[in-house]
Structures are given as C-alpha cells and as structure tokens.
Amino acid sequence: MVNSTEFGPVIERRNEKRDRSQVSIKFKTLDGEEDYIPDAIVADLSESGATLLSHIPLPVGTCIAIDVDGLIVATAEVVNWQWDYLGDRARLGVKFIEKRQRVLLSGM
C-alpha cells in the first residue's frame with residue numbers, strides 16, 4: 001500500500017490485519033506516578049500494537065496499562081510518538097507486552 005504525503009510517498013510495510021475503528025479508552029503509566037489519562041482513543045489496532053490518540057504525549061519506552069470499561073485489557077510500551085497538529089493530539093505508537101483480554105482485539 002502506498003500513501004502520499006507532502007514529503008512524498010509512504011509505503012505501508014506492516015503485514016498484519018488492521019482495525020481502524022475508534023474506541024475510547026483510559027491508560028496509565030506502569031511506574032505508578034500518573035493517574036489514568038482519560039479520553040484517549042484507539043485509532044488503529046493490530047495483533048501486536050495500536051495507535052493511541054491522546055492530549056498527553058508519553059516518552060518512547062514508557063510502559064502503560066490500557067483500561068476498557070474498568071478492565072485492564074493490555075499492557076504496552078510506547079515505541080514512537082508524534083504530534084498531530086490537525087487533531088491537536090499526540091499519536092502514540094504502542095507495542096503490546098501482554099494482552100489480558102480478547103476484548104481489545106474484538107472491536108472492544
């Protein structure tokens with residue numbers, strides 16, 4: 001798959017099936033220093049990771065717990081992030097460490 005941006009073509013290299021339905025979640029860092037960050041959105045989901053949209057960016061390497069309706073459904077590590085100026089949010093790329101519930105990958 002090739003998409004075009006202002007910087008030229010972007011070639012999609014991921015082979016996993018993607019789910020692009022958007023679901024509201026909460027997440028918190030596993031270091032225990034932060035409370036849950038409300039109103040994050042899962043914007044892109046695969047078996048190995050997700051893209052989260054949040055008003056609060058987290059540093060690469062931060063481990064988080066993902067909460068759906070009061071249940072911790074996964075833990076993940078932030079592997080990249082960038083600011084989405086159009087949406088005025090951070091786009092956090094996370095890689096799953098552990099998925100505790102199939103709910104996360106079945107449309108939540």
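Just so you know, all these numbers are worked out from the coordinates, no wet-lab data involved. None of the values given here were measured: they were computed from a predicted structure. Because the Cβ atoms are built from the backbone with ideal geometry, glycine has one as well, and the counts that use them run over all protein chains shown.
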| request: Rounded to the nearest 0.05, what FRET efficiency do Ile41 and Tyr85 give with R0 = 25 Å and r taken as the Cβ-Cβ distance? Could you check? | output: 0.90
| To the nearest µm²/s, what D does Stokes-Einstein give for region 17-105 at 20 °C and 1.002 mPa s, using the Kirkwood radius over alpha carbon pairs as Rh? | 168
